[in-house]
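The values are calculated or read from the model by the stated rules, or taken from the named source; none is laboratory data. Predicted, not measured: the structure shown is a model, and the values here were computed from it. Here the Cβ positions follow ideal geometry from the backbone for every residue, glycine too, while neighbour counts run over all protein chains shown. When the accessible area is computed, the model is the full protein with side chains, heavy atoms only, and any ligands, DNA or RNA have been set aside. Shrake-Rupley method; radii C 1.70, N 1.55, O 1.52, S 1.80 Å.
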Amino acid sequence: MSTSVVASKLFRLPKKMSSNQLPEFPSDQKSFELKNVVGNIKSSYTPQAVTANAPTSEKISQIISNSPLANYVPLFVMLPLGVITRENEFPDQENMERWLTELRKAGVDGVMVDVWWGIIEAGPKRYNWNSYKRLFQIVQKCGLRIQAIMSFHQCGGNIGDAVYIPLPEWVLAIGEGDKDIFYTNRSGNRNPEYLSLGVDNLPIFRGRTTIEMYKDFMQSFREEMVDLMESETIMDIEVGLGPAGEMRYPSYPQDQGWKFPGIGEFQCYDKYMKREFKDAAAKAGHPEWDLPDDAGTYNDTPEKTGFFSANGTYLSEKGKFFLTWYSNKLIEHGDQILDEANKVFQGRNVRLSIKVSGIHWWYADDSHACELTSGYYNVKGRDGYRPVARMISRHYGTLNFTCLEMINSEQPADAKSAPEQLVQQVLSGGWVENVDIAGENALSRYDRKGYNQILLNVRPNGVHKYGPPKYKMVGVTYLRFSDELFESKNFKIFKQFVKKMHADMDYMREMTDVPILWRSKSKIPIEKLLEATEPIKPISWDNVTDMSVGGPFADFLDNILDKLFSILK
């Protein structure tokens, strides 16, 4: 068992308490007493770190032996996308503080906040953090911790985008003169929601490269938020690596007409990526190869294309070469930016994470078409996610995966969707690669069935009464903070969900302590990363969670009580 599976932090026991004197799995009456067990928890060890004095997995197991605390999984809530407006204002401070207080009372561990590049950097290296500092100070006042997303993408054009926040105006102005800085499909349509990875290392942004702009932004964030980082209020830095903050290509943009379950389109037809592909093809001895011209359009199905159909181009030597190049470019993009983020935040008690998108439609089709257009080369006989996890491991990072709430039977049959198997594949691969796994729901849900599916994925083999579960995620972020969430019935169920995330234990702030971030290990050669494409058998999942928030009978009782209260009113 890897150390990251065994535990995500050290539990230092009080001197007068031995490991065999730890309390049994607590009832509600006992859970307060557990605070005494973890009162002096300090995160002094990174499980994945390789150091001379690093404890062995056996030593960690001994330290937390018989402790129920290792079953606790923190729960965070995403704040509204526009909590800070496009004009860099924080207009609703009073109501926000009131609702944050309610979340804290419900046992929520923290909140996730998009920190928009397009709001903060009004001009080259001109940053204004005032509104975010006020927001973060209120979050701190309410006793919550912060997951900060370095949001280098546009808000608007994706599912759930309720506001419009573009990239910085001065960056868009450069794009007016050079439209190839944006991702481009085969028809020539530009997508300004994220800069093409083809310009990652080109100094065309007033003398800076894309990577340098992102590094400078993160450095400014660290300098301005130093007090909030020293107090460990900010405990997670999620680095945006693509549209919607996810490490993928913008292959299915709604504002260009995509509709579920379309296969999407490859996004590599800007002049910079075209040039890189031609160079790679020539180096491989095939200068005649070009980018795909038979992959269809956004709303096609696989069988309507030459590329994704049975015995299609994707199975040919040329197709495999292209897909390897396309997916490798995305991994290299993530690796470069994570390396810069690690340089900026190393030495702080923060978790560094990235988000991988849950492209569950067409997963049950041989082609996995939408995964391929998104940059995840995941087909029968090839794992497209484990190389990503292996790349993350060198930065001591966390893989944050979406669609935890989705159930196969709820998806339309014509989409050939299999979210349950997708989640199992990605999580299993991450644990094998010794990285911490976090997760999110993809769509807002307030029902017990959705919550129970999340809880099943959080601890796929259930809780362990006297120690760590066999497998466990390090945290879940609930999408999203809204008026609907705070409706009486919905919030009642949500509070039950929080309690079950905590394995029936009361809120404990110490359980969101994170270790000091170590400097990234040496770069892993692409050949070594690609060894992880070898498929593995996913771990076994239980059929149902042992921490259920209830089922149909609980829903029936809720409806009866709602009717009674309505009559009494």
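In region 473-528, of all residues being among the basic types (K, R) and part of a loop (DSSP other than H, G, I, E, B), the one that is farthest from C142 (Cα to Cα) corresponds to K523. Here the condition is being touching a residue at least 40 places away in the same chain (Cβ under 8 Å) and either in contact with a Cys (Cβ under 9 Å, 6 or more places away or on another chain) or on the phi > 0 side of the Ramachandran plot (or both); of A532, A442, A418, it holds for A442 alone.
Would you point out which residue out of T398, T373 is hydroxyl-bearing (S, T, Y), open to solvent by less than 40 Å² (accessible area, probe 1.4 Å), farther than 16 Å from R248 by Cβ and touching a residue at least 40 places away in the same chain (Cβ under 8 Å)?
From the options T398, T373, the qualifying one is T398.
Within region 239-254, one or more residues are among the β-branched types (V, I, T) and under 14 Å from V350 (Cα atoms).
Residues in region 486-498 that are within 23 Å of the chain's Cα centre (by Cα) and either at pLDDT below 95 or crowded, with 19+ Cβ neighbours inside 10 Å (or both): F494, F497, V498.
Okay, residues lined up against (1) over 27 Å from E232 (Cα atoms); (2) among the hydrophobic types (A, V, I, L, M, F, W, C); (3) touching a helix residue (DSSP H, G or I) at 6+ places or on another chain (Cβ under 9 Å):
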position: A341; (1), (2), (3): no, yes, yes
position: K355; (1), (2), (3): no, no, yes
position: V388; (1), (2), (3): yes, yes, yes
position: N408; (1), (2), (3): yes, no, yes
position: Q411; (1), (2), (3): yes, no, yes
position: V426; (1), (2), (3): yes, yes, yes
position: W431; (1), (2), (3): no, yes, yes
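Annotation: of all residues in region 518-569 being aromatic (F, W, Y) and modelled with pLDDT of 85 or more, the one that is most open to solvent (accessible area, probe 1.4 Å) is W518.
The single residue among D236, D227 that is open to solvent by less than 30 Å² (accessible area, probe 1.4 Å), closer than 26 Å to W117 by Cβ and of a type in the set (D, E) turns out to be D236. Listed by first and then second residue, the pairs with beta-carbon distance under 6 Å, at least 6 apart or on different chains, first residue in region 168-185 and on the phi < 0 side of the Ramachandran plot and modelled with pLDDT under 95, second in a helix (DSSP H, G or I) and crowded, with 16+ Cβ neighbours inside 10 Å, form an empty list. Criterion applied to L443, L455, L422 was being farther than 27 Å from S520 by Cβ, buried (at least 19 other Cβ atoms within 10 Å of the Cβ), in contact with a Gly (Cβ under 9 Å, 6 or more places away or on another chain) and among the aliphatic types (A, V, I, L, M), and the one residue passing it is L422.
Of the residues making up region 425-440, just one is over 10 Å from the mean Cα position of the chain (by Cα), open to solvent by 10 Å² or more (accessible area, probe 1.4 Å) and under 22 Å from V77 (Cα atoms), namely D436.
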